[in-house]
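**Student:** Below is the structure I would like to discuss, written out as structure tokens.
The values are calculated or read from the model by the stated rules, or taken from the named source; none is laboratory data. The model shown is predicted, which means the values in this text are computed figures rather than measured ones. FYI the Cβ positions are ideal-geometry reconstructions off the backbone, even for glycines, and counts take in every protein chain you see. Side chains included, ligands, DNA and RNA excluded: accessible areas come from the protein's heavy atoms. Shrake-Rupley method; radii C 1.70, N 1.55, O 1.52, S 1.80 Å.
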Number of protein chains: 2
Amino acid sequence: MQQLARPLGYFPAPRSQSFCSQCAAALVRRIPPDDTRMRDVCENCGAIHYQNPRMVVGTIPVWQDQVLLCKRAIEPRYGYWTLPAGFMELSETTAAGAQRETLEEAGLQTEIGSLFSVIDVPQADQVHLFFLTQVLDPSLAPGQETLEAHWVSEADIPWSEIAFRTVSLTLERFFEDRRRGHYGVHYVALEKRG
Amino acid sequence: MQQLARPLGYFPAPRSQSFCSQCAAALVRRIPPDDTRMRDVCENCGAIHYQNPRMVVGTIPVWQDQVLLCKRAIEPRYGYWTLPAGFMELSETTAAGAQRETLEEAGLQTEIGSLFSVIDVPQADQVHLFFLTQVLDPSLAPGQETLEAHWVSEADIPWSEIAFRTVSLTLERFFEDRRRGHYGVHYVALEKRG
């Protein structure tokens, strides 16, 4: 066994992959039998390394007439405002993931309500899902991915400083539905930037 | 460069991974800095190999009073009936993926309508999404993953031979909504089997 030093830093493995996770052989880029798309294929052990979009799951916490916004302490969009949200993990439901992210990022306990928005972000290979939630106690305790967290009225939303289009879209639809007195489920496909 | 023979067969790379896709070093299972979960981590180059649930996207094609069912020509659930659906690919929206799968599995051209069901399947680390669709021409041309494809009336649905719970749930809700004359968006979290 080779003795390995600690790396200088850690980073999420990118989509591009060079070696087989099963046998460490070099991968080739080709269309496998009975397929129509280029994949990363191992010609040593036969493993096909499919890649698929990821889900980001979050909540729209509401207390009295205010919604919760979190100022991001991480890239991308450090210092911009977001609803609590993050990558869905294995072994959980979308609703449980949204609840977990809200607890992790804002220290906020919620009861998950209806699914509210499903937004395709093909340029990022992501789908974002936001849930309406009931807040049990408005106390906040921002986690390490959050610089600050605040309850914000519609008139005070910093629209030009919202981190992601999926968040501003979700907030816009939320306030529209609240004025109408009826909350729908909103599916939106964001266009790929040209 | 090592000369490699062709493998005996190809298979989807499983979730369990032993080697780094970036540098081929052996992976270790540990909680990375600033994280709370066990991950596959490369202590050589620093890549963290996160894993996330996948989306399965499909349609509910309708022609007159009938829906389209496809008999599966692949495992799992070979020989059982399903709505056309499959794994969402990179660079597409959920709706475009659902449309593509319907064309691939049944040779059917559709215009995608509203999102109809979003179903968590935590035991499979999947989320299934089905869309209502408009059928332009009911001619069918089953692809290689489909033994046969048929238009089926509600009374003739083979409920005990449906491939997946997400498909039977989606069909049940579809027929209920059709009777009511109003189609909603249905979010369901399937329980993990004990």
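**Student:** Need one number: the % of Cα-Cα pairs in the protein assembly as shown sitting beyond the 36 Å mark.
**Tutor:** Percentage above 36 Å: 30.
**Student:** Also, quick follow-up: Relative contact order for the stretch B:1-65: what percent, with Cα pairs under 8 Å and sequence separation of 6 or more?
**Tutor:** 19
**Student:** While we're here: List, by residue number, every residue in the stretch B:106-136 with a reduction of 20 Å² or greater in accessible area between the chain on its own and the complete protein assembly, 1.4 Å probe.
**Tutor:** Relative to the lone chain, where solvent access is computed with a 1.4 Å probe, the stretch B:106-136 loses at least 20 Å² at B:Leu115, B:Val118, B:Asp120, B:Pro122, B:Asp125, B:Val127.
**Student:** So, for chain B, what is the accessible surface per residue at a probe of 1.4 Å, expressed in square angstrom?
**Tutor:** Accessible surface, normalised per residue, equals 48 Å².
**Student:** Using a ≥ b ≥ c from the Cα gyration tensor of the stretch A:60-119 (square roots of the eigenvalues), is it rounded, prolate or oblate, where a/c under 1.5 gives rounded and otherwise the larger of a/b and b/c decides, a/b for prolate?
**Tutor:** oblate
**Student:** Straight-line reach from B:Lys71: which lysines fall under 28 Å, measuring Cα to Cα and dropping same-chain residues less than 8 apart?
**Tutor:** Counting by Cα, and skipping residues close in sequence, B:Lys71 has these lysines nearby: B:Lys192.
**Student:** Other chains' Cβ within 10 Å of B:41-50 residues: what's the mean?
**Tutor:** 5
**Student:** Once R0 is set to 22 Å, what does the formula 1/(1 + (r/R0)^6) return for the Cβ-Cβ distance between A:Ser153 and A:Arg180, expressed as a FRET efficiency to the nearest 0.05?
**Tutor:** Step by step, r from the Cβ atoms, then E = 0.75.
**Student:** Rounded to whole Å and sorted largest first, what semi-axes of the equivalent ellipsoid does the C-alpha gyration tensor of the stretch A:25-105 yield via the square root of 5 times each eigenvalue?
**Tutor:** So the three semi-axes of the stretch A:25-105 are 39, 14, 11 Å.
**Student:** What nm distance separates the two modelled labels at A:Cys23 and A:Gln123, each placed 7 Å from Cα along Cα→Cβ?
**Tutor:** 4.0
**Student:** Also, I was wondering about something else. Considering the convex hull of the alpha carbon atoms of the stretch B:129-194, report its projected area averaged over all viewing directions, in nm², one decimal.
**Tutor:** 6.4
**Student:** Follow-up. Run the quick spin-label model on A:Glu191 and A:Asp34: label points 7 Å from Cα toward the beta carbon, then report their separation in nm to one decimal.
**Tutor:** It is 4.0 nm.
**Student:** Over the stretch B:111-194, what percent of the accessible surface lies on carbon and sulfur atoms, probe 1.4 Å?
**Tutor:** 47
**Student:** Ok, one more. Nearest 100 Å², what total accessible surface is buried between chain B and chain A (probe 1.4 Å)?
**Tutor:** Counting both chains, the buried surface is close to 5400 Å².
**Student:** Keeping all protein chains in place and using 1.4 angstrom, which order do B:His182, A:His186, B:His150 fall into by accessible surface area, from largest down?
**Tutor:** B:His182, B:His150, A:His186
**Student:** From zero up to wherever the largest Cα-Cα distance of chain A sits, split into 5 Å bins and tell me the percent of pairs in each.
**Tutor:** The percentages, shortest bin first, are 1, 7, 13, 16, 17, 12, 9, 8, 7, 5, 3, 1, 0, 0.
**Student:** Sticking with this one: If I measure Cβ to Cβ between cysteines in chain A, which ones have no partner under 4.7 Å?
**Tutor:** Here A:Cys70 come out as lacking a disulfide-compatible partner, given the Cβ-Cβ threshold of under 4.7 Å.
**Student:** Normalised by the number of residues in chain A, what is the relative contact order in percent for Cα pairs under 8 Å and 6+ residues apart?
**Tutor:** Computed over chain A, the figure is 20 percent.
**Student:** State, to one decimal in nm, how far the label point of B:Phe87 lies from the label point of A:Ala73, with both points 7 Å from Cα in the Cβ direction.
**Tutor:** Rounded to a tenth, the inter-label distance reads 3.6 nm.
**Student:** In deg cm²/dmol, rounded to 500, what helix-only [θ] at 222 nm does chain A give when every DSSP H run of at least 4 residues adds -39500 (n - 2.57) and the total is split over its residues?
**Tutor:** About -5000 deg cm²/dmol.
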